[in-house]
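The values are calculated or read from the model by the stated rules, or taken from the named source; none is laboratory data. Source: prediction; values computed, not measured. FYI the Cβ positions are ideal-geometry reconstructions off the backbone, even for glycines, and counts take in every protein chain you see.
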Amino acid sequence: MGRPMGGLEYCSFCGKSKNEVKRLIGGMNGAAICFDCVKICYDMVESSLLEEQEVEASDLDQLSKVKNLTPKKVKEFFDQYIVGQELAKKYASVAVYNHYKRIILQDPEIEKSNLLFIGPTGVGKTLLARTIAKILDVPMVIVDATSFTEAGYVGDDVENILYYLYVNSGYDINRTQMGVVYIDEIDKIARKSGEHASSTRDVSGEGVQYALLKIIEGSGVYIPIRGKRGGSDTLCINTSNILFIAGGAFSGIEEIVKSRLGKNKIGFKTDKTDKTDKSLISGKNESQDENIYQYVRSEDLIKFGMIPELVGRFPIIAPFHPLSQKELESILTEPKNSILKQYVKLFEIEGVSLVFTDDAIKEIVKTADVKRVGARALRSSIEKVMLNIMFEAPEIPNLREIIINAETIRTGKPIYVEGKKKKIVAV
């Protein structure tokens, strides 16, 4: 309150006397406010109104994005980075579209579309998950399911998944609650005794599955926050809008699927369900016709050793097929971030042209295909050849071009062409 003190009145807000300010405005019960405090209050109100307008404009922009976004456009974005896997990309495109509407429109009636990626190693499961996070423009964390244990045992607690997401979001809780979690090797925590419950305590398998339920089901989860001096605190994360994606090879599930279908082979066309699955695949691909993963159902996963409650949290099963040699060749050259394009850019910085001949690409694929680990083998096959080239090339004077052919892949000896260099790209 403005109060008399030595015959002078004071501002009720800042305490300054009327001699220290331009003017005091009086109010009821002796209260008063100075011009400086009036200006500060005005600025606060104006700032608040501007923030509300910005939020409204932002909401309109987001709604506009939802209207412009379609599953087909999402898939076209996937196509820039991922070769093949048409059926998996279709499932993912629809799931991303629905999830985007959910987090922008905040409509609880739109159910969360958690995804389960199932397929052999090195076929693009993790890459597709990364691309989903890129489309949604949200933080993402990739974890290995085998590194977690049931609460109370030595190992990483499941709640730490959300803490890692919180860190990747820049400690922004709002962005954390709209992030993407990719749980790799989910098949490695299946119950050891198959479809029957384990009779002993399963620290790294069944127990972890139950622990995952509470963070996936869409509720408030308290996570530990590390303090600067070793202390700890907790933070509540709402997982309702966090998209969970799990991936695994599920090696051995082929026999379970064949047993359920009563067939010794796959690739048949007599079953109506299988026809429906095949109708979802656009384009022709020899490997997809013989892909057992496209016939996997929830009951197969339960028989494999996944608990029914966890399987129910992943309503969408996106199958991945083994990569053909033709697809492996495309992976080397077509995506925006293909391995060969990365090496070409590295040499462009030094003004040197790097050329891979067609027969070199075929030889790389041939070498990688023997390892049976999908696209992962491509990088190791190339890096083995490129190691000496990248070590020696910077020391060769007037080097203009490096040609890598099939013989180079086999022997490690490239063709060096000297001459005037291209213009060096600034870094």
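Does ILE403 qualify as being closer than 30 Å to GLY247 by Cβ and in contact (Cβ under 8 Å) with a residue 40 or more places away in the chain?
In short, no.
Go through the residues of the range 352-373 one by one and say whether even a single one is within 26 Å of the chain's Cα centre (by Cα), surrounded by fewer than 17 Cβ atoms within 10 Å (Cβ to Cβ) and not in a strand (DSSP E or B).
The answer is yes, given that some residue of the range 352-373 is within 26 Å of the chain's Cα centre (by Cα), surrounded by fewer than 17 Cβ atoms within 10 Å (Cβ to Cβ) and not in a strand (DSSP E or B).
Answer with yes or no whether VAL83 is over 30 Å from GLU327 (Cβ atoms) and either modelled with pLDDT of 75 or more or in a helix (DSSP H, G or I) (or both).
no
Can we say ASP277 is assigned to a helix (DSSP H, G or I), in contact with a helix residue (DSSP H, G or I) (Cβ under 6 Å, 6 or more places away or on another chain), at pLDDT below 50 and within 17 Å of LEU116 (Cα to Cα)?
Against the criterion (assigned to a helix (DSSP H, G or I), in contact with a helix residue (DSSP H, G or I) (Cβ under 6 Å, 6 or more places away or on another chain), at pLDDT below 50 and within 17 Å of LEU116 (Cα to Cα)), ASP277 qualifies.
Could you grab me the full set of residues in the range 352-370 that are modelled with pLDDT under 90 and hydroxyl-bearing (Ser, Thr, Tyr)?
Result: THR367, single match.
What single numbered condition from (1) modelled with pLDDT of 85 or more; (2) aromatic (Phe, Trp, Tyr); (3) assigned by TED's automatic domain parsing to the domain that holds THR126 fails to hold for TYR343?
Here TYR343 clears every test but (3).
Restricting attention to the range 141-165, report how many residues are surrounded by fewer than 21 Cβ atoms within 10 Å (Cβ to Cβ), of a type in the set (A, V, I, L, M, F, W, C) and either in contact with a Cys (Cβ under 9 Å, 6 or more places away or on another chain) or at pLDDT below 90 (or both).
Residues flagged as surrounded by fewer than 21 Cβ atoms within 10 Å (Cβ to Cβ), of a type in the set (A, V, I, L, M, F, W, C) and either in contact with a Cys (Cβ under 9 Å, 6 or more places away or on another chain) or at pLDDT below 90 (or both) within the range 141-165 amount to 2.
Of the residues in the range 317-349, how many are surrounded by 15 or more Cβ atoms within 10 Å (Cβ to Cβ) and either outside any helix (DSSP H, G or I) or touching a Cys at 6+ places or on another chain (Cβ under 8 Å) (or both)?
Selection size over the range 317-349: 11.
Does the range 119-140 hold any residues that are assigned to a helix (DSSP H, G or I) and modelled with pLDDT of 85 or more, and which are they?
Selection gives LYS125, THR126, LEU127, LEU128, ALA129, ARG130, THR131, ILE132.
Here is a check on your reading of the model: is ILE142 in the same structural domain as ILE215 (by TED's automatic domain parsing) and in contact (Cβ under 8 Å) with a residue 24 or more places away in the chain?
Judged against the criteria, ILE142 is a match.
Out of the range 375-415, which residues are small (Gly, Ala, Ser) and closer than 20 Å to LYS326 by Cα?
ALA375, ALA377, SER380, SER381, ALA406
How many residues does the range 108-144 hold that are in contact with a Phe, Trp or Tyr (Cβ under 7 Å, 6 or more places away or on another chain) and among the polar types (S, T, N, Q)?
Going through the range 108-144 one residue at a time, the tally reaches 3.
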